[in-house]
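Peer 1: Questions regarding the structure given below will be posed in turn.
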Amino acid sequence: MKAKRAFDLFAINAYWFGLSTMWNSLHVIILPAILLNFVPETRKNTSLGLLTFTGLMIAMIVQPISGSISDRWHSRWGRRRPLITLGTALDFIFLGLLGWSGGLAWIAIGYIGLQFTSNIAHGPAQGLLPDKIPPEKLGAASGVKNLFDMGGLVAASLLMGNLLDPEAARPLIPMLVVMGVLFVSAAITILGVREEPGLANHPEPIPVIRILADNPRYAQTIASRFAFLIGIYAVQSFAQYFIRDVIVTSNPVKLTGDLMAAIALPLIAFAVAGGWIGDRVGHRRVLLIASAMGVLGNLAMMTARTSTHVLIYGSFLGLGIGLFLTSNWALLSRMASVGQAGAYLGLTNLATAGSAAVGRLLGPGIDWLNNLDPGAYNGYTAMFAFGAFCILLSAFLLARVGNKETNQDG
């Protein structure tokens, strides 16, 4: 039985490795590098920010809708896997556009289309964990999920940092690698997970506003996630340009990959440990510790001027992120109503994609501050200060949630 449970956890979470590899490759390494071939140097943060903001707004809308549809899906293959299969199959069309076609317009079409199709699959995939894992085991299981997420971040950082030619306008080889990883990981989840046939008497859909209005603690926990992740995505989004402008290095793409790996390795360790610890001492306590580490990591990055500083401070930041992601996901999973996990956890994308989208809006401000005093790069200093403030706000919002961690324990 233990071997079967281990395989079930592996199969449920394998898809997250592929998604993480894909999005971290695009957002952190590939898009910032190839956009430099098509946009002015003084507008690079603005162009990257506005493009990714548009795509992430689409993700924020599509993911909860798709998750809610999967709650009510009726088929002999189950509720979640049909939409996971559909969305992933469509992903390859837009990944192909990003890999093989040059030009800003084609990049925009490929990226925005990929946000739409990927989130058709993403929403239902989030329902698999609470569907299959008992509530008392969700902390440890969430640690495994984040282990796969962060494994994808490490893979993207190390592979893309070495595979991508910084001068290339068409990232052919990196995109083929991304497509291969996504295909294998999706196949493991789609073929390896065993779902019961979807029920004909499915629960009625719950409107988003009603879920949030009827569950203020759930809404506050999502708001806390939103604030914390703004503080992270604001930094991640423009890290390659920060390194390119401020840190002396011959290969900004490779150092960006190394930074993401330095963040991800402690993140992996503490993502797993955080789930286990949170199940025993309470996930709120773990989240408050994570927030303190996130604030200190952002403040330290303000002073970074060498590659060594970047990697050391990034490692500390990764530790806080790892603790946060696992405990926050476990807390939200425990709060989700039984039978409505797709709708409830689809709402987390209001925080995940929403914070990523808002973080991208810093791009014009960064360019404005940088261009106001060329060579001082005050835009990046403001970026890190903003990140620290947002994580402090997250801790404040979390403190208002209260101590009860489930909707089932009275």
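No lab work stands behind these numbers, since they all come straight from the coordinates. Predicted model, so just to flag it, every value in this text is computed and none were measured. Please note: Cβ atoms are built from the backbone with ideal geometry, for glycine as well, and neighbour counts cover all protein chains shown.
Peer 1: So, in Å, what gap is there between the alpha-carbon centers of the stretch 106-133 and the stretch 236-252?
Peer 2: 29
Peer 1: Shifting gears a bit: Under 10 Å, Cα contacts only: if you run a Gaussian network model on the chain, which one of Leu98, Leu362, Leu397 comes out with the highest mean-square fluctuation?
Peer 2: Taking springs between Cα atoms under 10 Å, the residue moving most is Leu397.
Peer 1: Dipole size in debye (nearest 20) for the chain around its Cα centre, Lys and Arg Cβ +1, Asp and Glu Cβ -1?
Peer 2: Using Cβ point charges on Lys, Arg, Asp and Glu, the chain gives about 760 debye.
Peer 1: Could you work out the local net charge near Glu41, counting Lys and Arg as +1, Asp and Glu as -1, over the other residues with Cβ closer than 12 Å to its Cβ?
Peer 2: Cβ neighbours under 12 Å give a net charge of +1.
Peer 1: Ranked from highest to lowest mean number of other Cβ atoms within 10 Å per residue, what is the order of the peptides 88-94, 163-169, 221-227?
Peer 2: Those peptides, ordered most packed to least, come out 221-227, 88-94, 163-169.
Peer 1: State the answer as a single residue: which of Ile69, Leu104, Leu50 lies farthest towards the positive end of the charge dipole of the stretch 35-106, with beta carbon charges of +1 for Lys and Arg and -1 for Asp and Glu, about the Cα centre.
Peer 2: Checked the options; the winner is Ile69.
Peer 1: Sticking with this one: So, by mean Cβ neighbours within 10 angstrom, what's the order for 210-219, 123-132, 22-31 with the highest one leading?
Peer 2: Highest-to-lowest ranking by the protection proxy: 123-132, 22-31, 210-219.
Peer 1: Net charge near Ala219, counting Lys/Arg +1 and Asp/Glu -1 over other residues with Cβ under 14 Å of its Cβ?
Peer 2: +3
Peer 1: A further question on this structure: With a 10 Å Cβ neighbour count serving as the proxy for reagent exposure, in which order, fewest first, do Phe228, Phe270 appear?
Peer 2: So the ranking, lowest neighbour count to highest, is Phe270, Phe228.
Peer 1: With axes computed from alpha carbons, what is the tilt in degrees of helix 362-372 against the longest principal axis of the chain, rounded to the nearest 10 within 0 to 90?
Peer 2: 10
Peer 1: Could you give each residue of the stretch 279-296 its phi-based ³J(HN,Hα) in whole Hz, using Karplus coefficients 6.51, -1.76, 1.60 with θ = phi - 60°, and x for Gly or Pro?
Peer 2: 4, 9, 10, x, 6, 5, 4, 4, 5, 5, 5, 4, 5, 4, 5, x, 5, 4
Peer 1: When the gyration tensor of the chain is built from Cα positions, what are the square roots of 5 times its three eigenvalues, in whole Å, from largest to smallest?
Peer 2: Equivalent-ellipsoid dimensions as semi-axes: 33, 25, 19 Å.
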